[in-house]
Amino acid sequence: MTSTRPKQQQLAVQFADDSVSEEETTRFVEEPLGGQSCAAATEKSALDSLSMNLMEQVVATENMERAWKKVKANHGAPGPDGITLAQFPEHIRPLWPEIRQQLLDGTYRPEAVRRKVIAKPDGGERLLGIPNVQERLIQQAILQVLTPIFDPDFSESSFGFRPKRSAHGAVKQAVRYIKQGYRFAVDMDLSKFFDRVQHDVLMSCVSRKVRDKRMLSLIGRYLRAGVMVNGLVQPSPEGTMQGGPLSPMLANILLDDLDKELESRGLRFARYADDFQIYVKTHRSARRVFASVERFLTRKLKLVVNRQKSCIAKTNGVEFLGFKFVGRRCEIRVTAKNLVKFKQRVREITARNRGISMSRMLSELRQYLRGWIGYFGLAATKGIFASLDEWIRRRVRMCFWKQWRYPRTRIRKLKQLGVPHEVAVPHGTSHKAYWRLAKTLGGHMGMTKQWLLDQGLVFLRYLWSELAPLRRIA
């Protein structure tokens with residue numbers, strides 16, 4: 001290795017963890033992650049998709065540095081071994097030379113993932129797999145090498161888990177097709193897609209561009225690594241467990257065959273991961289497309305189509321990725337289901353019995369509202385967001401009223417906020433419920449909109465207005 005000391009120190013800054021000193025991090029970089037820089041190798045891999053030396057690119061110093069920076073930024077939970085991100089540099093330092101050699105020799109064996117079950121809002125369960133930090137690091141390094149090989153050839157109608165693409169792009173593309181006169185949507189749901197991917201079919205797709213047998217063997221071992229349930233390792237004969245960095249890329253590689261099939265037929269579609277819709281002009285065409293695509297998915301890709309959730313629908317009122325398309329002008333709205341979920345989450349954050357300070361509650365609420373409107377701000381329904389703002393302000397006023405608790409405290413607080421004595425006293429001594437008092441004249445006169453803004457509350461309507469460029473379709 002011929003890299004200079006300043007370069008090592010620069011990489012060490014990228015690897016630095018808040019709980020790990022710069023000196024320790026530098027040793028972590030210098031000792032275990034030694035190797036040739038992959039800058040030129042990455043460019044070569046993008047040009048030569050049949051490279052035989054992909055594993056050298058994976059373990060190269062610069063690639064591992066970028067992978068560690070990405071893994072650390074995701075703030076993931078510990079895997080089955082219980083090692084946290086803060087503990088990982090100390091843990092991996094003495095082990096890395098051997099792990100690196102095993103990766104180069106093709107003998108590395110990944111460990112099982114920790115299963116986490118997430119309840120779906122509409123019923124059922126989603127199975128997540130949480131790998132050890134070490135496995136996440138290696139998977140991220142593999143992802144960074146595979147992305148320039150596969151991504152440039154992916155369909156322009158594929159928007160999930162790809163650089164500079166998002167669900168908003170898929171929604172906007174759907175809107176363009178609907179406005180062009182495609183009045184029927186073939187909405188197909190893949191039943192437990194990530195849990196039912198057939199390994200042999202997936203590996204066949206990967207091997208078209210990856211000729212490094214060590215890389216193919218390692219990906220296959222990750223697929224078959226198993227899952228830890230109640231302390232026991234269970235085999236994983238099928239599926240690509242959600243939770244690891246590599247899983248979304250593998251899903252796109254498999255479903256790229258579907259994209260190419262649809263494009264060869266001249267069909268208009270938008271896909272985000274395993275969620276996709278196909279747009280046609282007549283109901284007869286929709287029936288024909290539904291039948292043929294179902295055959296392709298079940299026979300060629302060995303996937304299962306959920307007939308109960310799949311349907312043929314008019315684009316007026318169809319739902320896609322949390323949005324609903326309404327009317328011939330294709331107005332984008334938030335689905336009723338997502339509005340219910342939003343209110344449920346706000347109720348949880350502003351629950352009166354949480355026992356936390358108002359500043360902390362408002363901080364959590366502010367973070368959630370910004371994230372939510374960052375996604376659903378694509379909807380052109382200003383009135384809905386203004387209505388939600390009124391409801392949120394009432395929830396927050398209720399929390400302040402509850403916190404003030406005693407009549408004398410409420411009277412004093414109201415008077416400090418400029419409420420006249422003759423109004424503050426009857427409101428402060430009222431025995432009406434908190435929710436009722438949060439909408440009274442006294443509450444509004446004291447806890448004004450501006451006062452709530454000064455306390456740290458954000459308004460969806462203002463955030464929505466700031467996101468106007470987001471709603472440009474063309």
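The values are calculated or read from the model by the stated rules, or taken from the named source; none is laboratory data. Every value quoted in this text rests on a predicted model; they were computed, and no experiment measured them. Cβ coordinates were reconstructed from backbone atoms using ideal geometry, including for glycine residues, and neighbour counts include every protein chain displayed. Surface accessibility is based on the protein's heavy atoms, side chains included, excluding ligands, DNA and RNA. Shrake-Rupley method; radii C 1.70, N 1.55, O 1.52, S 1.80 Å.
Candidates 166, 99, 143 compared by Cα position along the dipole of the stretch 88-172: farthest toward the positive end lies 166, with charges placed on Cβ. Treating r as the C-beta distance of residue 462 and residue 105 and R0 as 60 Å, the FRET efficiency rounds to 0.55.
Taking 41 Å as R0, compute the FRET efficiency from the Cβ-Cβ separation of residue 326 and residue 198 and round it to 0.05. After rounding, the FRET efficiency stands at 0.60. Beyond 23 Å in Cα-Cα separation lie the following of the pairs 172/302; 116/341; 192/300; 402/439: 172/302. Does the chain come out rounded, prolate or oblate by the C-alpha gyration tensor, with a ≥ b ≥ c the root eigenvalues, rounded set by a/c under 1.5 and, if not, prolate when a/b is larger than b/c and oblate if not? Cα axes put the chain in the oblate bin. Helix 61-73 axis versus longest C-alpha principal axis of the chain: approximately 20°, rounded to the nearest ten.
Loop-located trypsin sites (Lys or Arg not before Pro) across the stretch 290-389 with a Cβ neighbour count of 16 or fewer within 10 Å are 302, 307, 309, 328, 329, 352, 354, with loop assigned by DSSP. Ranking 387, 311, 361 by Cα position along the charge dipole of the stretch 288-401, where only Lys, Arg, Asp and Glu carry charges on their C-beta atoms, puts 311 farthest toward the positive end. Straightening the chain between residue 434 and residue 336 buys 32.6 nm, computed as 0.36 nm per residue apart minus the Cα-Cα spacing.
Each DSSP beta bridge with both residues in the chain is either parallel or antiparallel, and the antiparallel ones are about 85%. Surface composition of the chain: carbon and sulfur atoms hold 50% of the protein heavy-atom accessible area at a 1.4 Å probe. Taking the C-alpha atoms only, the angle from helix 167-179 to the longest principal axis of the chain is near 80 degrees. From its DSSP helices (H runs of at least four residues, each -39,500 (n - 2.57)), the chain gives a residue-normalised ellipticity at 222 nm of -15500 deg cm²/dmol. Using only side-chain charges placed at the Cβ, +1 for Lys and Arg and -1 for Asp and Glu, the dipole size of the stretch 219-297 relative to its Cα centre rounds to 360 debye. Its Cα centre serving as origin, the chain has a Cβ charge dipole (Lys and Arg +1, Asp and Glu -1) of approximately 3320 debye.
For the chain, the per residue solvent-accessible surface stands at 49 Å², with DNA, RNA and ligands left out and a 1.4 Å probe. Against the longest alpha carbon principal axis of the chain, how many degrees, from 0 to 90 and to the nearest 10, is the axis of helix 96-105 turned? Helix 96-105 sits at roughly 50 degrees to that axis. Taking all Cα pairs closer than 8 Å and separated by 6 or more residues, the relative contact order of the chain comes to 13 percent.
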